[in-house]
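Single-structure report; data block below.
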Amino acid sequence: SVTDAVYFSELIEDFKLSTQRTDISLELDLNNSEVMLRIDKFHFTTALFNILENAVKYGSENPSITMKTFMKNGMYTVQISDNGIGIPSHELDSIFDKFYRVSEGNLHKVKGLGLGLYYTKQIITAHYGTILVESEPHKGTTFTIKIPVT
Ligand code: ATP
Ligand code: MG
């Protein structure tokens, strides 16, 4: 177990380093700080990295990502928002499917297998959690993850 404050501040720093870019704004809005998270650190971090990587891959020229955490109804909630290209509403149900990629626009130029979000959902579900997505084309996308805390 690890406290949310330690876990998320490390995660943000690790992600910033991994992008090797200085033009990405990544803001952490932590509304708790001493919540003990019972997570498989390796898998949970990879799951969140997949979402953060997508926010950059499908992001605007000046990616701005916010990660907000708070407790709601006994669930630890993590919201990751980007200002990227967004996802058409009729695609939203499919993006967690294995090998699914949105075919509209110029996305074929962006490499990927379509496994990132599939993996992410499996890992969140393994933690008894849920993940949902909201998006507005040309505005941005928000993923909301909830996991129980004991
Ligand atoms: P991989 O993650 O396996 O390298 P991928 O990024 O294409 O490949 P997923 O991460 O599973 O696959 O995402 C599935 C699809 O959902 C993407 O191809 C993209 O079309 C769309 N998508 C995911 N995240 C975003 C986002 N933040 N903004 C816009 N589109 C997104
Ligand atoms: Mg991906």
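The values are calculated or read from the model by the stated rules, or taken from the named source; none is laboratory data. Since the structure is predicted, the reported quantities are computational estimates derived from the model, not experimental observations. A quick note on method: Cβ atoms are made from the backbone with ideal geometry, for glycine too, and the neighbour counts reach across all protein chains shown.
Between F99, F143, the distinction of being crowded, with 16+ Cβ neighbours inside 10 Å and among the aromatic types (F, W, Y) belongs to F143 only.
You will find that of I95, I24, I51, I65, the residue that is among the hydrophobic types (A, V, I, L, M, F, W, C), within 14 Å of ligand 1 (Cβ to nearest atom) and touching a Phe, Trp or Tyr at 6+ places or on another chain (Cβ under 6 Å) is I51 and no other.
Within region 126-144, does at least one residue satisfy the condition of being more than 16 Å from ligand 2 (Cβ to nearest atom) and hydrophobic (A, V, I, L, M, F, W, C)? Yes, the conditions are met somewhere in region 126-144. I want to confirm something. Restricting to region 107-131 and keeping residues that are among the β-branched types (V, I, T) and buried (at least 19 other Cβ atoms within 10 Å of the Cβ), which single residue is nearest to ligand 1 (Cβ to nearest atom)? Taking the candidates together, the pick is T120.
Scan region 1-25 for residues that are at pLDDT 95 or above, touching a helix residue (DSSP H, G or I) at 6+ places or on another chain (Cβ under 8 Å) and under 23 Å from K72 (Cα atoms) and jot them down. Y7, L11 - these are the residues of region 1-25 that are at pLDDT 95 or above, touching a helix residue (DSSP H, G or I) at 6+ places or on another chain (Cβ under 8 Å) and under 23 Å from K72 (Cα atoms). The residue pairs whose first member lies in region 57-68 and is more than 25 Å from N31 (Cα to Cα) and of a type in the set (F, W, Y), whose second member is modelled with pLDDT under 90 and not in a loop (DSSP other than H, G, I, E, B), and whose beta carbons are closer than 8 Å, counting only pairs six or more residues apart or on different chains, are Y58/L107. For region 39-53, the criterion of being modelled with pLDDT of 95 or more and assigned to a strand (DSSP E or B) is met by no residue.
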